[in-house]
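Read through the structure below, which is laid out as structure tokens, and then see the notes.
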Amino acid sequence: MHEKILILFLCLCFPFLTLAQQSQIPILRFEGVQPFLEKENDTTYLINFWATWCKPCVEELPFIEQIHSDDFDDPVQVILISLDFRNQLESKLIPFIEEHQIKSKVVVLDDPDANAWIDKVDPRWSGALPASIIYKGNKREFYPEGFTDYKSLRKIISSF
């Protein structure tokens, strides 16, 4: 009898568990993402624009994740801004994050008017992925082609 109640309880709660998992990844318009690009404190920020369907993005993620878990003299925060499609959050993005054990903060940028916000990220950005911004205070660098190895990325982060 208790087993049937437990099974019924789990069946009723399962849809809510899925919604709870989705809510861990904010879905934002550009106005919601913009504050991540403008923080003024003692932290170095690595903001990476990526998508699960972008092969170079997926190839550089292990380097970025290693930065997330490394120790630095000053704080470093990694924010992964996914351009995956909102309707594929549960079917593609969440499974990808789980499979690759992504620990960095992930947000979804769901703003169809890319022409209105790409230049606000950086005027040199064509919109191609991957693309990253690394900044601390007034020092800001844009990397439009991704990172090819961990060692050079670590050196860049350390220079901030």
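Data overview
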item	result
Output for the range 51-64, where each listed residue is under 11 Å from the mean Cα position of the chain (by Cα) and outside any helix (DSSP H, G or I)	51, 52
The range 139-160, subset in contact with an Asp or Glu (Cβ under 6 Å, 6 or more places away or on another chain) and under 13 Å from residue 60 (Cβ atoms), residue modelled with the lowest pLDDT	146
Residue in the range 33-50 that is part of a helix (DSSP H, G or I), without any contact (Cβ under 8 Å) to a residue 40 or more places away in the chain and surrounded by 12 or more Cβ atoms within 10 Å (Cβ to Cβ) present	no
Residues being touching a helix residue (DSSP H, G or I) at 6+ places or on another chain (Cβ under 9 Å) and under 20 Å from residue 60 (Cβ atoms) - total across the range 99-117	10
The range 140-153 residues that are outside any loop (DSSP other than H, G, I, E, B), paired with ones that are polar (S, T, N, Q) and exposed (fewer than 14 other Cβ atoms within 10 Å of the Cβ) (beta carbon under 7 Å, 6 or more apart)	150/66
When residues of the range 128-138 are limited to those that are assigned to a loop (DSSP other than H, G, I, E, B) and modelled with pLDDT of 95 or more, the one surrounded by the most Cβ atoms within 10 Å (Cβ to Cβ)	130
Breaking point among (1) farther than 22 Å from residue 38 by Cβ; (2) surrounded by 15 or more Cβ atoms within 10 Å (Cβ to Cβ); (3) within 16 Å of the chain's Cα centre (by Cα), for residue 150	(3)
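The values are calculated or read from the model by the stated rules, or taken from the named source; none is laboratory data. Please read all numbers here as calculations on a predicted model, not as lab measurements. Note that each Cβ is placed from the backbone with ideal geometry, even for glycine, and that neighbours are counted across all protein chains shown.
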